[in-house]
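What follows is a short report on a single structure.
The values are calculated or read from the model by the stated rules, or taken from the named source; none is laboratory data. In this text, all values refer to a predicted model and were calculated from it rather than measured experimentally. We place every Cβ from the backbone using ideal geometry, glycine too, and count neighbours over all the protein chains shown. Remember, those area values only see protein heavy atoms, side chains included, never the ligands or the DNA or RNA. Shrake-Rupley method; radii C 1.70, N 1.55, O 1.52, S 1.80 Å.
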Amino acid sequence: MVVLGKQGSGKGTQCVKLSQRFAIPHISTGDMLRAEVKAKTALGLQAQLAMEKGELISDSLIIKMVEKRIELDDARTRGFILDGFPRTLSQAKSLDEMLSPQEIDMVINLEVPTSVVLKRIASRRVCVDCQAVYSLAKPPRFNWTCDLCGGEVLQREDDTEEAILRRLVLYEEETAPLIEYYQERNKLHRVSGLGSEEAVALRLDKLIRSYLKRREAKQTRD
Ligand code: AMP
C-alpha cells in the first residue's frame, strides 16, 4: 500500500496505526533518512543538507534505499505500507518496476487543506529516537520525553517556516501528479484527513477492510 498526503496531513501517524492494526511493516523514507543522518552514514551526510532545506533527495539514492528495504523478509512476507515514497513520477515508475509482475494493491490519498497542515506542522513535535509524533496539543505524558521509548521529543529540524513552504511547493509540483498516475491505474482511494486521529483511523480501517473483503471474494470467484 502507498499512502500519499501533504506534510502534516497526518499520514505518518495513521501509517503507524495501520501498521500495528494489520501487522504490516511501515516504511517511511523520511524516518529512514533521519536515522541515516543521525548515524552519520555516507547516505545521511549526502541527504542532510537537502532535508534541512526541504528539498528532495535524488531519485536514484532514494530508489536504491527503498529497493533494499522491501527485499527484507518482513516486507516480502507481510507486504508494506509506504509513507513518503513515491514522491515523484520517476519514483512511482521505479516502484512499479521493482514490484513487477506484482502490483501495489491500493494507494490512499489523505486529503487535508494547506491551511490546516500549516497549523499542524507548526505544532508538531517528534521523538528524536523512535520518531513517534506528538504535538503541542497532545504532548508526551512527562516533560517532553517520549511515552514509547523515553527519547527526547523536539521540533523537527526541517519544520522551519521556510522549509515547510518549500516542501509544500515541491508537493504540488512533484507529488500531486502521482494522484493522476494512480487514478488512471484504478489504484487511488481518497480519504479525508480532517477530524480527530481516531476519526481518520476509523475511515481508513473501513476502507481497507472493505477492500480486503472484495479482494477475497474475487479470489474465491477466480
Ligand atoms: P518526510 O518525513 O516524509 O517529510 O521526509 C523528510 C525529508 O526527507 C523530505 O523533505 C526530503 O528531503 C526527504 N525525503 C523523504 N522521502 C523522500 C522521497 N521519496 N524522495 C526524495 N526525498 C525524500
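Cross-link reach is defined here as a Cα-Cα straight distance under 26 Å, omitting same-chain residues fewer than 8 places apart; for Lys138 the lysines meeting it are Lys6, Lys11, Lys17, Lys38, Lys119, Lys206.
Work out how much length Phe22 to Arg221 would gain on full extension: take 0.36 nm times their residue separation and subtract the Cα-Cα distance, in nm to one decimal. Going from the current span to full extension adds 69.2 nm. Only helical runs count toward this figure. For the chain, summing -39,500 (n - 2.57) over DSSP H runs of n ≥ 4 and dividing by all residues gives -16000 deg cm²/dmol at 222 nm. Note on segment 1-76 and segment 114-191: Cα centroid distance 12 Å, given to the nearest whole angstrom.
Among the trypsin sites (Lys or Arg not before Pro) in segment 51-152, those placed in a DSSP loop whose Cβ has at most 13 other Cβ atoms within 10 Å are Arg141.
Rounded to 0.05, the FRET efficiency of the Asp105 and Leu202 pair, given R0 = 25 Å and the Cβ-Cβ distance, is 0.80.
Applying both filters, DSSP loop and at most 15 other Cβ atoms within 10 Å, to the GluC sites (Glu not before Pro) of segment 133-177 gives Glu157. Take every Cα pair under 8 Å whose residues are at least 6 apart in sequence, average their separation, divide by the length of segment 1-107, and the relative contact order is 42 percent. The largest-to-smallest principal axis extents of the Cα set in the chain are 55, 37, 34 Å.
Counting every C-alpha pair in segment 111-220, the share spaced more than 20 angstrom apart comes to 59%. With all protein chains in place and a 1.4 Å probe, the accessible surface of segment 63-166 carries 51 percent carbon and sulfur. Solvent-accessible surface of the chain, taken per residue with a 1.4 Å probe and all protein chains present: 56 Å². Relative to the longest principal axis of the Cα atoms of the chain, helix 29-38 runs at roughly 40 degrees.
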